[in-house]
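Structure first, commentary second.
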Amino acid sequence: MNTIAASSISAQRVKQVWQREIARFNDLHPESLRQHRLASQHFLYGVPLHWMQDWPSPSPLFLKEAQGSRVSCVDGLEYDDFCLGDTGAMFGHTPAPLSAMLAETARTGLTAMLPSAKTVAVGERLAQMFGLPFWQLATTASDANRFVIRWARAITGRSKVLVFDGCYHGTVDDTLVDLVNGKTTARDSLLGQVYDLTQHSVSVPFNDIAAVRQALAQGDVALVLTEPALTNCGMVLPQPGFLEELAAACRQHGTLLALDETHTLSTAWGGYTRAWGLNPDFLVAGKAIAGGVPCAVYGFTAEIARGMRAAKQAAAPGHSGIGTTLSGSQLAMQALAVTLEQVITPAAYEHAIGVANGLAQGLEEMIHSHGLPWSVTRLGARLELQFCTCAPVTAAQAAAAENAELTATLHLGLLNRGTLLTPFHNMMLAGPATGHGQVARLLANMAEMLTELGA
Ligand SMILES: Cc1ncc(COP(=O)(O)O)c(C=O)c1O
């Protein structure tokens, strides 16, 4: 019998449960299905962003409302939301201080291409939170990463970017490479990619300091861009000392280091960087940093700021290729101010991490009692259920533990029972509004699904 990851779950059983859950979804969601059909007349795949078709259900839920840690759909059903907008709503949907600010900013102006009254306070708060003195704004984390890469190339005069196998930093061409049989290659899923990404990008395995050193020794790498822990290929935590050795190797070879904290902000107030006392040249945070209002930030050291000024001065006047019109708008600045002051607080983390502790413990007990060869990996309020006994050390190990059919079936079954997980792998995120009751429901729904699957 074809079984999954050496567990007692058969592929045949997964298929049967999948069919049942599809039928159940169709019974429960006539209005989402109807709106999806209608939307298909004017939106590609019937959705405004084509990834929204990646949900495991026959149509995505069409949202009615999202509040705190709950969402409801147009069929009048409610869900405990552990996806939280795939991190965009990590600190809860529409926190009250943000709602009040939005009403006020709608009255006082959204964008004027001018710094606004909150600029000074936001700069101080970002510096205090992340320990870097200088900041710039972008509209998305993808943009922030793109801009950091450009600055790093401009400062160092080098062309290459080193990223880790399994990384995701947004729609940034330079980072969309994989490591295949030891060679950097462009991802074969890319659309419209015409130039050779391997000319200026290098991919090496995460947690492999020898491979990093070897790549940096060529002397042509401008920037290493990484999440402190990989969160987009399942979850891969850094081995003890790896990030410190990475920083030392960068310093030794004149390469700059950027930490993308867009997801790892879940670790603690000030992100993984503050929690572990790291000293990157750049730090990027997007998605939830302004409470879900489109905004991202990138911070840098005084030395980098000097390098930026020198590069700008040395260049001809005109377009820098860095920045977009709505970056740093009054709307983004107000949203950042209120979110940093009143939403992303140490107390919010204390609650969210406490809830995530309970969830991790409950999942681990369930895995143990069913004798499943699975594990739970944690980064503060964010956790990942992986179909392997030990936490993976590289993206290749994380990928080997994936099972798309089982993941989709679990997700659809949970959705049909009122628990929403992010459609990509098995990430679960607790926020400041997530309750212990929601965790208890997730665990009960998961237990029911395991019984269905014969685990
Ligand atoms: C670590 C990381 N950085 C950057 C991004 C890009 O964010 P956005 O799609 O908001 O530009 C993502 C998106 O998932 C991400 O996971």
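Can you tally the net charge around Arg251? Count Lys and Arg as +1, Asp and Glu as -1, for every other residue whose Cβ sits under 14 Å from the Cβ of Arg251.
After counting each charged neighbour, the total is -3.
Gap in Å between the Cα centre of the stretch 366-394 and the Cα centre of the stretch 1-78?
24
Based on the mean of other beta carbon atoms within 10 Å per residue, what is the order of 285-296, 55-66, 377-388, most packed first?
Highest mean packing first, the order is 285-296, 377-388, 55-66.
Arranged from highest to lowest average of other beta-carbon atoms within 10 Å per residue, in what order do the peptides 30-42, 422-434, 173-185 appear?
Output ranking for 30-42, 422-434, 173-185: 422-434, 173-185, 30-42.
Leaving out ligands, DNA and RNA, what percent of the accessible area of the stretch 15-55 is carbon and sulfur, probe 1.4 Å?
Of all accessible area on the stretch 15-55, carbon and sulfur atoms account for 57 percent.
With every protein chain present, what is the per residue accessible area of the chain (1.4 Å probe, Å²)?
43
For the stretch 97-343, what relative contact order do you get, as a whole percent, if you take Cα pairs closer than 8 Å and at least 6 residues apart?
31
For the stretch 97-343, what % of the accessible area comes from carbon and sulfur atoms, probe 1.4 Å?
55
The values are calculated or read from the model by the stated rules, or taken from the named source; none is laboratory data. Computed from a predicted structure; not experimentally measured. Note that we place each Cβ from the backbone using ideal geometry, even for glycine, and neighbour counts take in every protein chain shown. Heads up: the accessible areas ignore ligands, DNA and RNA and are worked out on the full protein's heavy atoms, side chains in. Shrake-Rupley method; radii C 1.70, N 1.55, O 1.52, S 1.80 Å.
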